[in-house]
Amino acid sequence: MIGDNQTMYASYPLVVGVDLGGTQIRAAVLQGATLLSRANLLTGDNGTPERVIPRLFQAVDQALADARLTPAQIAGIGIAAPGPLNNRTGVVISPPNLPGWTDIPLRDIFAEHYQLPIYLENDANAAGLGEHLFGAGRGSNEMVYLTISTGIGGGVITNGKILEGIAGAAGELGHITVDWRGEPCGCGNVGCLEGLASGTGIARRVLAAIARGEGEELLRFARQQQPGLHVDEELRVDARLVAQAATAGVPLAQQILGEASEALGVGLVNIIHIFNPELIVLGGGLMQMGAQLLAPARAIVQQRAMQVPREMARIVLAELGPNVGLVGAGALIYYNQM
Ligand SMILES: [Zn+2]
């Protein structure tokens, strides 16, 4: 049994949450935010729907078997998948990190297989819903969730509901412009928040500086951190290393991390001005940097955001941790059925 809040959620029906990612497939039986069982599988290098969908079924079946349940005993299956997708038609459209997935009617494929209510939502919206129902956002009505990891995703809760937009594409907060003369982003825009403040964005900017010959000190630091490395092996430069280098006083790392947290601050100002939220919940692996990333961003919010919405907006860290995707996927059933 995973989790310790089971009595708190005893009135919640049993559900299955599925978290489909570019590298991992995870499924869990949940009651509220409590995980009763969990199954992890790799998405695999050849992540085509023909290969991945049977693995999704396998993960669900394994989670059900581990919890000694049959599909008939659960209220439904919620699936969190990378966008873009259409949550109304249940179709995965063409996620960049799932090659070969073009217009896949995943909800109907699951419904036919399990004969259960199935809900499909993009992963950031599902995670935001999870935090809203069971995490840092409990009791809030106007909440914005921002997840900062390899990419940046957003989920907006307004009047207690997920803000969908006309095509289910609202809340793409990783792709708001924070530098209108900035670098091109894979989404087609330039100067996106994701390009500056995500783990991938930070690493890419550091590697570009190294390629320009500005990385001598950072490389020396990196080699100290990765001592076993053979000369011709590639150094791993990721956001964690950059954060460590910044703490150790390496100027290039401090500069790029400083720009990342500045971009995050500008993004938060935009979010405050557009949504007037009572709560902004920050999740994702990069928030483990904590104050290193967040303190300069908060300072920008203080300097630049309009007073009334700024004073209403509490900025807090997410509470659900690495299980947020599964809890959010399961929460789709409570959200849609209760
Ligand atoms: Zn973008």
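The values are calculated or read from the model by the stated rules, or taken from the named source; none is laboratory data. Because the structure is predicted, anything quoted here is derived from the model rather than measured. Please note: Cβ atoms are built from the backbone with ideal geometry, for glycine as well, and neighbour counts cover all protein chains shown. Side chains are part of the model used for accessible areas, which takes the heavy atoms of the whole protein and leaves out ligands, DNA and RNA. Shrake-Rupley method; radii C 1.70, N 1.55, O 1.52, S 1.80 Å.
Just one of Glu259, Glu233 is at pLDDT 95 or above and open to solvent by 50 Å² or more (accessible area, probe 1.4 Å); which is it? Steps first, please.
Working: Glu233 fails: at pLDDT 95 or above.
Sole residue among the options that is at pLDDT 95 or above and open to solvent by 50 Å² or more (accessible area, probe 1.4 Å): Glu259.
Any chance you could count how many residues in the range 281-338 are under 14 Å from the mean Cα position of the chain (by Cα) and of a type in the set (A, V, I, L, M, F, W, C)? Please lay out each step first, then the result.
First pass over the range 281-338, keeping only residues under 14 Å from the mean Cα position of the chain (by Cα): 281-288, 317-329.
Pick out the ones that are also of a type in the set (A, V, I, L, M, F, W, C) and you get 281-282, 286-287, 317-318, 320, 324, 326-327, 329.
Summing the residues that are under 14 Å from the mean Cα position of the chain (by Cα) and of a type in the set (A, V, I, L, M, F, W, C) in the range 281-338 gives 11.
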If Thr158 satisfies all but one of (1) within 15 Å of the ligand (Cβ to nearest atom); (2) touching a residue at least 40 places away in the same chain (Cβ under 8 Å), what's the number of the condition it fails? (1)
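Does the range 193-212 hold any residues that are without any contact (Cβ under 8 Å) to a residue 24 or more places away in the chain and within 10 Å of the ligand (Cβ to nearest atom), and which are they?
Matches in the range 193-212: Gly195 only.
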Of the residues in the range 161-192 that are touching a residue at least 60 places away in the same chain (Cβ under 8 Å) and within 10 Å of the ligand (Cβ to nearest atom), the one that is least open to solvent (accessible area, probe 1.4 Å) is Ile176
Could you check how many residues of the range 300-324 are free of Cβ contacts under 8 Å to residues at least 60 places away in the same chain, open to solvent by 40 Å² or more (accessible area, probe 1.4 Å) and in contact with a helix residue (DSSP H, G or I) (Cβ under 7 Å, 6 or more places away or on another chain)? 3
Find all pairs meeting these conditions: Cβ atoms under 8 angstrom apart; at least six residues apart or on different chains; first residue within the range 21-46 and over 11 Å from Ala59 (Cβ atoms) and open to solvent by 10 Å² or more (accessible area, probe 1.4 Å); second residue modelled with pLDDT under 95 and part of a strand (DSSP E or B). Thr23/Leu42
